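S.K.: One structure coming up, written as structure tokens, with questions to follow.
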């Protein structure tokens, strides 16, 4: 792989570091806004990616892309790199090919890895996001739910598709909050600051302490619902008087 020979027994022994043509085509269409993220995940699942290893990283660095800053941290024991995303989450960077890795950090050593194994590694580290080709030309951030699906070899079903929250997610939100006292109505809609927004109708006249108690109960109920936990990457709450 561009001067780095792999053992003949390696499943990637004949890999020259080129990206998968099918994935490249889907990434180009995604970058042009022609296909959704779910299509990228489908194309990515059967491919291999390159995980970067850095021999030395004296201090945290920052990668800029499309106006977003990604702080670079190195796991000291193995040289595995983690990115800090703009929203504060930790991400595993992976690359579709050697060229996109070189574009990011020329000194990085590529370790070819099947996508499910790379996703499983991120899950095992407690990292919520996988970022594909962080230096472009098309950068894709895979949310926690997609990473977990890839790690398990499952098809990923986004919580929001075509501007609508999936029926099972909407039903799960209503079920999770049915027993929360003072919640008159709950509805899941596409979010603006998060993937899904939960619109809550609460009795008028609640003071701050009462509102805080209800919202804490709502957050706890949603966090413990298995469907919401598995399908929704991020939530925001919107409150209105009943």
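The values are calculated or read from the model by the stated rules, or taken from the named source; none is laboratory data. Note that the structure is predicted; figures quoted are calculated from it, not measured. Cβ atoms come from the backbone with ideal geometry, glycine included; neighbour counts cover every protein chain shown.
S.K.: Take the residues in the stretch 132-181 that are part of a strand (DSSP E or B) and touching a residue at least 40 places away in the same chain (Cβ under 8 Å), then tell me which one is surrounded by the most Cβ atoms within 10 Å (Cβ to Cβ).
M.R.: Among those that are part of a strand (DSSP E or B) and touching a residue at least 40 places away in the same chain (Cβ under 8 Å), it is 142.
S.K.: Here's something else I'd like to know. Look at residue 167 and say whether it is more than 24 Å from residue 123 (Cα to Cα), modelled with pLDDT under 95 and outside the structural domain of residue 37 (by TED's automatic domain parsing).
M.R.: Numbers: more than 24 Å from residue 123 (Cα to Cα): yes; modelled with pLDDT under 95: no; outside the structural domain of residue 37 (by TED's automatic domain parsing): yes.
No, not satisfied.
S.K.: For the stretch 197-236, which positions are touching a strand residue (DSSP E or B) at 6+ places or on another chain (Cβ under 6 Å) and closer than 24 Å to residue 148 by Cα?
M.R.: Of everything in the stretch 197-236, those that are touching a strand residue (DSSP E or B) at 6+ places or on another chain (Cβ under 6 Å) and closer than 24 Å to residue 148 by Cα turn out to be 197, 198, 232, 235, 236.
S.K.: Further, regarding this structure: Every residue in the stretch 106-120 that is crowded, with 16+ Cβ neighbours inside 10 Å and part of a loop (DSSP other than H, G, I, E, B), please.
M.R.: Selection gives 108 alone.
S.K.: To continue, here is another question. Only one of 123, 129 is surrounded by fewer than 19 Cβ atoms within 10 Å (Cβ to Cβ), at pLDDT below 95 and touching a helix residue (DSSP H, G or I) at 6+ places or on another chain (Cβ under 7 Å). Can you tell me which?
M.R.: Result: 123 is the single residue among 123, 129 that is surrounded by fewer than 19 Cβ atoms within 10 Å (Cβ to Cβ), at pLDDT below 95 and touching a helix residue (DSSP H, G or I) at 6+ places or on another chain (Cβ under 7 Å).
S.K.: If you take just the strands (runs of 3 or more DSSP E) that sit entirely in the stretch 1-105, which of them hold at least 1 residues that are surrounded by 12 or more Cβ atoms within 10 Å (Cβ to Cβ) and at pLDDT below 85?
M.R.: Where strands (runs of 3 or more DSSP E) fall fully within the stretch 1-105 and carry at least 1 residues being surrounded by 12 or more Cβ atoms within 10 Å (Cβ to Cβ) and at pLDDT below 85, they are 61-65, 68-75, 80-84.
S.K.: Working only within the stretch 146-181, note down all residues that are within 21 Å of residue 214 (Cβ to Cβ) and in contact with a strand residue (DSSP E or B) (Cβ under 6 Å, 6 or more places away or on another chain).
M.R.: 170, 173, 174, 177 - these are the residues of the stretch 146-181 that are within 21 Å of residue 214 (Cβ to Cβ) and in contact with a strand residue (DSSP E or B) (Cβ under 6 Å, 6 or more places away or on another chain).
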